[in-house]
1. Hey, can you tell me all the residues within the range 105-128 that are modelled with pLDDT under 90, surrounded by fewer than 15 Cβ atoms within 10 Å (Cβ to Cβ) and either of a type outside the set (K, R) or not in a strand (DSSP E or B) (or both)?
2. Return only the number of the condition from (1) within 20 Å of I149 (Cα to Cα); (2) of a type outside the set (A, V, I, L, M); (3) open to solvent by 20 Å² or more (accessible area, probe 1.4 Å) that E194 does not satisfy.
3. State all residues of the range 86-104 that are open to solvent by less than 30 Å² (accessible area, probe 1.4 Å) and either modelled with pLDDT of 90 or more or out of contact with any Ser or Thr (no Cβ under 9 Å at 6 or more places or on another chain) (or both); if no residue qualifies, say none.
4. Consider D57 against the criteria (1) open to solvent by 80 Å² or more (accessible area, probe 1.4 Å); (2) modelled with pLDDT under 85; (3) outside any helix (DSSP H, G or I): it satisfies all of them except one. Which criterion is unmet?
5. Name, by its number, the condition in (1) modelled with pLDDT under 65; (2) surrounded by fewer than 16 Cβ atoms within 10 Å (Cβ to Cβ) that does not hold for W4.
6. Within the range 60-78, can you find the residues that are outside any strand (DSSP E or B) and either at pLDDT 80 or above or closer than 16 Å to H45 by Cα (or both)?
7. Looking only at the range 178-219, count how many residues are polar (S, T, N, Q), closer than 29 Å to N95 by Cα and touching a residue at least 24 places away in the same chain (Cβ under 8 Å).
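The values are calculated or read from the model by the stated rules, or taken from the named source; none is laboratory data. Since this is a predicted model, take the numbers as computed values, not measurements. In this analysis, Cβ positions are derived from the backbone assuming ideal geometry, glycine residues included, and neighbour counts consider all displayed protein chains. Accessible surface is based on the protein model in full, side chains and every heavy atom, while ligands, DNA and RNA are left aside. Shrake-Rupley method; radii C 1.70, N 1.55, O 1.52, S 1.80 Å.
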Amino acid sequence: MALWNPATREFRPLPRDFFDSIPETSRPINYYNNYLGFGFDPSSHDYNVVCVSFLSDMAKHNPFYSLNKNCWKFLDCNFHADPWMSDSSCSTCVNGFYYWLTESYISPRKSGVIIRYFDMHNEVFGEIPGPIDYTSNQHCELSIYKDSICLLVYHHHNRHDDDDDDAIPIIDVWLLNDDRSWTKVVNLIPTRIELRNVVPTMTCWTVGFWDQDKFIFESENEIIHFDTKTREFTPLLDKPKQVCDRAALSYKESRVSIKGDIFNHMQEFFEEYSEDEDCKNEDSKDDE
């Protein structure tokens, strides 16, 4: 892993010692057992990285990195591996807390929502109940809207259903309040009848939010933004034919230095990456 600040053109690989300290028998089963969080803690004026790992022997190896101290430490975490934990659609860090969405099994047609978090200042993990349980014809994502944690609940619409629900939006938006209660936001997402005029198939996915009143989503063919004040749709760009992932990131320019000899760091980082790739290629040849 490495940090990069585009504003200052600085690049800094993070120390690898915490990877090397994990016993081979405790390594993550695969890449998807690692969940990363990154953000600024206003209490300590520090940038932090946290990695939640569900390991093969259930050992506790949850590293936490401080930019100011330039070191990793291991933290205890009581998260259970059974609920399905997922990465957010953007960097969900608010006021020194990083959040992840977790879905727990209730029944074959029903799941519960749990929001897991890491408190960067106190270095502790915790959980918050979600606002709803959801059914098999829905799914959820975690995002940011107006500098608050935002839970998006998608309603999968059957085009053969009755049109009585045309005034209902295709996605419910819930905001997490400071007291950890939830508020449902209305009029932010286009209704079914509004969307049908632009996307006849009713197939769309959230990309993110822009400013205070614009919702960005992608259809099967293009990326579009919806203005909640004028209720108008504006195409932003056509989707490429090749398969790829897209996301809208909230970028706030920072002149904070991440220190170090930038050029040498970049050179060492990519030389090491190149050596790893060469080793993989040699291993592949041996296998053949």
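1. Y105, I106, S107, P108, R109
2. Going through the list (1) within 20 Å of I149 (Cα to Cα); (2) of a type outside the set (A, V, I, L, M); (3) open to solvent by 20 Å² or more (accessible area, probe 1.4 Å), E194 breaks only (1).
3. Answer for the range 86-104, where residues must be open to solvent by less than 30 Å² (accessible area, probe 1.4 Å) and either modelled with pLDDT of 90 or more or out of contact with any Ser or Thr (no Cβ under 9 Å at 6 or more places or on another chain) (or both): T92, V94, G96, Y98, Y99, W100, L101.
4. Single failed check for D57: (1).
5. Answer for W4: the failing condition is (1).
6. Those that are outside any strand (DSSP E or B) and either at pLDDT 80 or above or closer than 16 Å to H45 by Cα (or both): L67, N68, K69, N70, D76, C77.
7. Residues that pass the stated criteria total 3.
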